[in-house]
Amino acid sequence: MASKATSSLPRSVAAHAILISYTVLALFPVILIIFNSFKTRKAIFRSPLSLPDAESFSLIGYRTVLEQGDFFGYFQNSLIVTVVTLLLVLLFGAMAAFALSEYRFRGNTLMGLYLALGIMIPIRLGTVAILQIMVGAGLVNTLTALILVYTAQGLPLAIFILSEFMRSVSDDLKNAGRIDGLSEYTIFFRLVLPLVRPAMATVAVFTMIPIWNDLWFPLILAPAEETKTVTLGAQVFIGQFVTNWNAVLSALSLAILPILVLYVIFSRQLIRGITSGAVK
Amino acid sequence: MRSLKLDNVRKSFGKVEVIKGVDLEVEEGEFVVFVGPSGCGKSTLLRIIAGLEDLTDGHVLMGDEIVDNVPPSKRGLAMVFQSYALYPHLTVRGNMRLGLKQAKMPSAEIAERVKRAAEMLHLEELLERRPAELSGGQRQRVAIGRAIVREPKLFLFDEPLSNLDAALRVNTRLEIANLHRVLGSTIIYVTHDQVEAMTLADKIVVLNEGRIEQVGRPIDLYRTPANRFVAGFIGSPKMNFVEGAAAERFNANSIGVRPEHMTITDVDAIWAGNVNHIERLGSDTFIYVNTADSGLLTIRVPGEIAFEVGDHVGLFAEDQMVYRFDKSGAAIRAG
Ligand SMILES: Nc1ncnc2c1ncn2[C@@H]1O[C@H](COP(=O)(O)OP(=O)(O)OP(=O)(O)O)[C@@H](O)[C@H]1O
Ligand SMILES: [Mg+2]
């Protein structure tokens, strides 16, 4: 770790400078949204870059959000959709990845390619067909519709990443399990999954953020009041003629919170997985 | 009694045939060592015996029963892997008893067996540790312990010592030899190491490109190799091979002389040349001599010897110490 090249002072200063400036750049819009959500409407427009002070501080945005519409309901919907999808993607993605990497069967490679195709072709191209299917199945305006679509959307990348990682799990370990009489399910859940935990966390993060942020499918498949997600819910404040910026910014600030919590959970898994990875 | 029989076993990965028809019988209590160059199919054959790999053709019999479709855990065998393959989430005790628990053995008996194995391998102090907290040698002993508690009819070892350092290797080799004496079970053991093969085996199986070249007692393979491949593979340093005029004098396509059967001489020299390099091991000295018509020859002389690089020396070998091979590489027996 502490080789000469990485510990020399100018190098580490340069590295930190680059990383810090990138962090600032990436966080700037988010911080701006949060600051402005605490300001009066006038202050937002007059000096969007200044911090809220005694004069411009206002909670009007949050009050509007909490009073108008069922925002807790929206949150709940978003959480249900994201968490359930995440579970399904991780479970089925890991199982498919295990099968593809572990078993030799006819069409294995072809199946892998077919699944990888989903990474390159955006699922939105199929929106019309998906809508027809959902109408046919009577699933319009249900959270199930969203969960199904997002699971399909998340699986290709999950399978792709996880099967690469599962190939690296020692064959000897799995074979030792087989000789000890463990079933393939036990080998999968008890031996292999714990070893690919960092990859699972990565997949979880990559899967959950686009789902949480998505506006497209909630708008098309589940626009009813009781199935609205947060992103869709925030749209009520964006009008054709007037937009309630206080409320929009407050809604967005609140929407960051749950996803932040999930992210912290997964990134901790990621780090723990990396530091405890002693196979041999 | 017969413990294991391979009947014309074949295995292909896709279009590549890796095991090309292997027949082998193993007696009960026998210590059999598979040797062969890297990639010749030793591990694949071992995995086939264990049931971890399907056969393309042929049969595996244990006792008199065909076990082609019996799952690994029901074959009454245990395997020790090169990479140890301990379960990282379980303690040493957990590692050793998992297989027995899985077989629904009463826990009193499990505890008894784990205790006995731990004593035999000096693992008592380590039972509550996890694999990550053990040294390489300790991990290897746990892996062997995990195999012992199953009390298998057949042990399979796939290069179990190749990740250990030299001193530990010798120790563990002795332990394995002891184990075989105490348990009396059949062992099939894969190795790259000449010394392990020669010292441990009752019977060595020399494999090459998915075929058996020769099966026999170590000393028989050394004395009467069936062909040029086995002659070159068994023995260290490697046998010297000579073709051309020198071989024709012996009525053979090629001849071979072991380095330990060559002597340095002033009279009657068969070959002559300059010393190219000398390796002094203390107990032995290896001398590499560059000869005009037969290339580089190796001579092994016990003890130390006073030659220098560049010296001109003559080489001699008794006629009965010369191995003769025909065009296909098969050995030509006395005649
Ligand atoms: N799962 C597999 N798929 C395709 N080819 C394989 C597979 N496993 C092994 N092989 C091939 O089979 C051949 C024999 O492999 P094997 O592992 O049995 O060799 P080995 O004798 O054990 O070699 P080493 O001494 O290096 O361990 C090799 O050429 C290898 O490339
Ligand atoms: Mg091998």
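The values are calculated or read from the model by the stated rules, or taken from the named source; none is laboratory data. It should be emphasised that the depicted structure is a prediction, and the values quoted were computed from it without experimental measurement. Reconstructed Cβ throughout: ideal geometry from the backbone, glycine too, with neighbour counts over all protein chains shown. Quick note on the areas: whole protein, heavy atoms, side chains included, nothing else; ligands and nucleic acids left out. Shrake-Rupley method; radii C 1.70, N 1.55, O 1.52, S 1.80 Å.
Treating cross-link reach as a plain straight distance, find the lysines whose alpha-carbon is under 21 Å from the alpha-carbon of B:LYS153, omitting any fewer than eight places away in the same chain.
B:LYS5, B:LYS42, B:LYS74, B:LYS101, B:LYS104, B:LYS115, B:LYS203
Two decimals is fine: what is log10 I(q)/I(0) at q = 0.09, 0.14 Å⁻¹ for the stretch B:66-217, from a Debye sum with one equal scatterer on every Cα and no solvent?
Summing over Cα pairs of the stretch B:66-217 leads to -0.30, -0.71.
What shape does chain A take by its C-alpha gyration tensor, where a ≥ b ≥ c are the square roots of the eigenvalues and a/c under 1.5 counts as rounded, a/b above b/c as prolate, and the rest as oblate? Don't jump to the answer; show the numbers that get you there.
Values: a/c = 2.61, a/b = 1.37, b/c = 1.90.
In terms of gyration-tensor shape, oblate.
Take every DSSP beta bridge whose two residues both sit in the protein assembly as shown, then give the antiparallel share in percent to the nearest 5. Please list the in-between numbers first.
Values: 56 of 73 bridges.
Taking every DSSP beta bridge within the protein assembly as shown, about 75 percent pair in antiparallel fashion.
Rounded to the nearest 500, what is the 222 nm mean residue ellipticity of chain B from helices alone, with -39500 (n - 2.57) per DSSP H run of 4+ residues and division by all residues? Could the numbers behind the result be given before it?
On the way: 9 runs with 89 residues, N = 335.
Estimated from H runs of four or more residues: -8000 deg cm²/dmol.
At a 1.4 Å probe, which residues in the stretch B:63-90 are at least 50 Å² less accessible with all protein chains present than in their chain isolated?
Residues shielded by partner chains are B:PHE81, B:SER83, B:TYR87, B:PRO88, B:HIS89.
Can you give the convex hull volume of the alpha carbon atoms of the stretch A:124-207 per residue, in Å³?
Working: hull volume 10.3 nm³, N = 84.
Residue-normalised Cα hull volume stands at 123 Å³.
Over 43 Å, how big is the tail of the calculated P(r) for the protein assembly as shown, in percent of all Cα pairs?
Numbers: 90650 of 188805 pairs.
Here the long-distance tail beyond 43 Å is 48 percent of all Cα pairs in the protein assembly as shown.
Normalised by the number of residues in chain B, what is the relative contact order in percent for Cα pairs under 8 Å and 6+ residues apart?
On the way: 649 pairs, mean separation 54.1, N = 335.
Computed over chain B, the figure is 16 percent.
How large is the accessible surface per residue of the stretch B:2-230, computed with a 1.4 Å probe and reported in Å² as a whole number? Intermediate values should be presented prior to the final figure.
Numbers: 9860 Å² over 229 residues.
It amounts to 43 Å² per residue over the stretch B:2-230.
Could you look at chain A and say what percent of its accessible area is carbon and sulfur, using a 1.4 Å probe and all protein chains? Mind dumping the intermediate values first?
Details: 11400 of 16040 Å².
With neighbouring chains kept in place, the figure for chain A is 71 percent.
How large is log10 of I(q)/I(0) for the stretch A:29-178 at q = 0.10, 0.12, 0.14 Å⁻¹ when the intensity is taken from the Debye formula with one equal scatterer per alpha-carbon?
With no solvent term, the Cα-only Debye profile gives -0.63, -0.77, -0.87.
So how much accessible area does B:ILE264 have, in Å² to the nearest 10, using a 1.4 Å probe?
Accessible area, nearest 10 Å²: 50 Å².
Read phi for every residue in the stretch A:112-125 and hand back ³J(HN,Hα) as whole Hz from Karplus 6.51 cos²θ - 1.76 cosθ + 1.60, θ = phi - 60°, with x for Gly and Pro.
x, 5, 4, 5, 5, 4, x, 6, 8, 9, x, 5, 5, 4
Using a 1.4 angstrom probe on the protein heavy atoms only, could you order A:SER168, B:SER254 from most to least accessible area?
A:SER168, B:SER254
To the nearest hundred square angstrom, how large is the accessible surface buried between A and B, total for both chains, probe 1.4 angstrom? Spell out each step's value before the answer.
Working: alone 17020 and 16500 Å², together 31660 Å².
The buried area between A and B, both sides summed, comes to about 1900 Å².
For chain B, which whole percent of the accessible surface, found with a 1.4 angstrom probe, sits on carbon and sulfur atoms? Let's see the in-between values first.
Values: 7510 of 15620 Å².
Its accessible area is 48 percent carbon and sulfur atoms.
With charges only on Cβ, +1 for K and R and -1 for D and E, what is the dipole size of chain A about its Cα centre, in debye, rounded to 20?
Details: 19 positive and 13 negative charges, 142 e Å.
In debye, rounded to 20, chain A gives about 680.
Work out Dmax and Rg for the stretch B:1-79 from the C-alpha atoms and quote the Rg first, both in angstrom.
Here Rg and the maximum Cα pair distance are 12.1, 37 Å.
Quick check: pseudo-label points 7 Å beyond the Cα along Cα→Cβ at B:ARG333 and A:THR144, how many nm apart are they?
7.9 nm
Extending each Cα 7 Å along its Cβ direction at A:TYR185 and A:TYR103, get the distance between those two points in nm, one decimal.
1.4 nm
Students sometimes get this wrong: rank B:LYS15, A:LYS42 by accessible area, probe 1.4 Å, all chains present, largest first.
Numbers: B:LYS15 205, A:LYS42 150 Å².
So the residues, ranked largest to smallest area, are B:LYS15, A:LYS42.
How far apart, in nanometres, would the label points at A:LEU87 and B:VAL170 be if each is projected 7 angstrom from Cα along the Cα-to-Cβ direction?
So the two model labels end up 6.0 nm from each other.
When chain A is treated as a GNM, springs tying every alpha-carbon pair under 10 Å, which of A:VAL230, A:VAL84, A:VAL261 comes out with the largest mean-square fluctuation?
A:VAL261
Pick out, from A:LEU86, B:MET198, B:VAL149, the residue whose Cα sits farthest towards the positive end of the charge dipole of the protein assembly as shown, with +1 on the Cβ of Lys and Arg and -1 on the Cβ of Asp and Glu.
After comparing all options, I get A:LEU86.
For the stretch A:163-187, state which residues have at least 30 Å² less accessible area in the presence of all protein chains than in their chain by itself, taking the probe as 1.4 Å and leaving out ligands, DNA and RNA.
A:ASP172, A:LEU173, A:ASN175, A:ALA176, A:ARG178, A:ILE179, A:ASP180, A:GLY181, A:LEU182
Based on alpha-carbon centroids, what's the gap between the stretch B:201-262 and the stretch B:280-335 in Å, whole number please?
Comparing the Cα centres of the stretch B:201-262 and the stretch B:280-335, I get a distance of 14 Å.
In the stretch B:121-140, which residues become less accessible by 20 Å² or more once every protein chain is in place, relative to the chain on its own, using a 1.4 Å probe?
When all protein chains are present, B:ALA132, B:ARG139 each give up 20 Å² or more of accessible surface.
Calculate, in whole percent, how much of the Cα-Cα pair population of chain B lies beyond 33 Å. Before the final figure, lay out each step's value.
Numbers: 22061 of 55945 pairs.
Cα-Cα pairs in chain B separated by more than 33 Å: 39 percent.
The stretch B:225-311: percent of C-alpha pairs farther apart than 15 Å?
Numbers: 2268 of 3741 pairs.
Result for the distance tail: 61 percent.
Tell me the Kirkwood radius of the stretch A:1-115: reciprocal of the mean inverse pair distance over distinct alpha-carbon atoms, in Å. Display every interim value, and only then the final one.
On the way: mean 1/r = 0.0495 Å⁻¹.
Value: 20.2 Å, from the Cα pair sum.
Across the stretch B:286-301, in residue order, what do the Karplus-derived ³J(HN,Hα) couplings come to in whole Hz, using 6.51 cos²θ - 1.76 cosθ + 1.60 with θ = phi - 60° and x for Gly and Pro?
With coefficients 6.51, -1.76 and 1.60, one gets 9, 10, 9, 10, 8, 9, 5, 9, 10, x, 7, 10, 10, 10, 10, 10 Hz.
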